[in-house]
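Worksheet: one structure, shown below.
The values are calculated or read from the model by the stated rules, or taken from the named source; none is laboratory data. Computed from a prediction, not measured in an experiment: that's the story for all the values here. Note that each Cβ is placed from the backbone with ideal geometry, even for glycine, and that neighbours are counted across all protein chains shown. In case anyone asks, the SASA skips ligands and DNA or RNA and just uses the protein heavy atoms, side chains included. Shrake-Rupley method; radii C 1.70, N 1.55, O 1.52, S 1.80 Å.
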Amino acid sequence: MKQSITHIIWDFNGTLLCDAQLSVDTDNAVFDRLGLPRITLEDYRRNMTMPVRDFYPALGVDYSVHSYELIGRLWLDIFNAHAVDAGLVPGVLSVVDAVLRAGCTQSVLSASYEPSLRRQCDALGLTARMAAIDGLEDESARRKTDIGRRQMHRLGLDPRATLLVGDMVADAQLASELGVSCVLVSWGHNDLPRLEATGMPVVHTTQELERLLLARVEG
């Protein structure tokens, strides 16, 4: 029998926030300004990676011509103006509430800039449901392993009783580094072949996610 789960760490973008298409639209708005070729959602999900600095060269962007810092600044200005409007993934708040009713605590862990993350969680009704909401202290979108370790230490979490829900290969890697279980969702920022290649369980609907999480919480 698997260890019962007492805490769930949620990734935010793409897992809770329904922003994959918004991210593509934002990329294309930036690319239009810079005279770069547009991409499709499929291009995005096939190439998106963390750290984000590695993503744009995979699309053919030359940082000696268009700096990552410029792209990042333009991107954040556009994205943050529309993030809340993207809304939560339909049905995911019901999953959060079902897990809460089962007695499992939850938190948000994101590579987003923490002040922006907190504003978005407030506006979307997540804050009161979470034991912690942690993002980065700047807008660099670096790896989030260190902040995850700090969150787990602050909350006194047992890695064996903790599960991370994410939408990217990077989340599977993060879970391994934190020593926690992992479930990936297929509606976010990476495509299905990449998710399946991690060997982690992949769910396709919020109903499936709820069943899986409750089974792990109830042991």
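Give the longest segment of the chain that steers clear of trypsin sites (Lys or Arg not before Pro) in DSSP loops with at most 12 neighbouring Cβ atoms within 10 Å, not counting the sites themselves. Write down the numbers at each step before the final one.
Numbers: sites that count: K2, R38.
Maximal segment without exposed cleavage sites: 39-219.
Calculated accessible area for the range 75-204 comes out at 43 Å² per residue, all protein chains present (probe 1.4 Å; ligands, DNA, RNA ignored). The stretch between L212 and L100 holds 38.9 nm of extra length on full extension. This uses 0.36 nm per residue minus the Cα-Cα distance.
For the chain, with all protein chains in place and a probe radius of 1.4 Å, 52% of the accessible heavy-atom surface sits on carbon or sulfur.
In terms of its C-alpha gyration tensor, the range 84-219 comes out rounded, because the ratio a/c of the largest to the smallest axis stays below 1.5. From its DSSP helices (H runs of at least four residues, each -39,500 (n - 2.57)), the chain gives a residue-normalised ellipticity at 222 nm of -14000 deg cm²/dmol. Which residue fluctuates the most in the chain, going by a Gaussian network model with Cα springs under 10 Å, if the choices are D167, D11, D97? Largest GNM mean-square fluctuation: D97.
Can you give the FRET efficiency for R73 and A123, using 1/(1 + (r/R0)^6), R0 = 25 Å, r = Cβ-Cβ distance, to the nearest 0.05?
Step by step, r from the Cβ atoms, then E = 0.65.
A 1.4 Å probe, protein heavy atoms only, puts the accessible area of C18 near 60 Å². How far is helix 206-218 tilted off the main Cα axis of the chain, in degrees rounded to 10, range 0 to 90? That works out to roughly 40 degrees.
Taking the Cα atoms of the range 1-149, the ratio Rg/Rh between the radius of gyration and the Kirkwood radius comes to 1.00.
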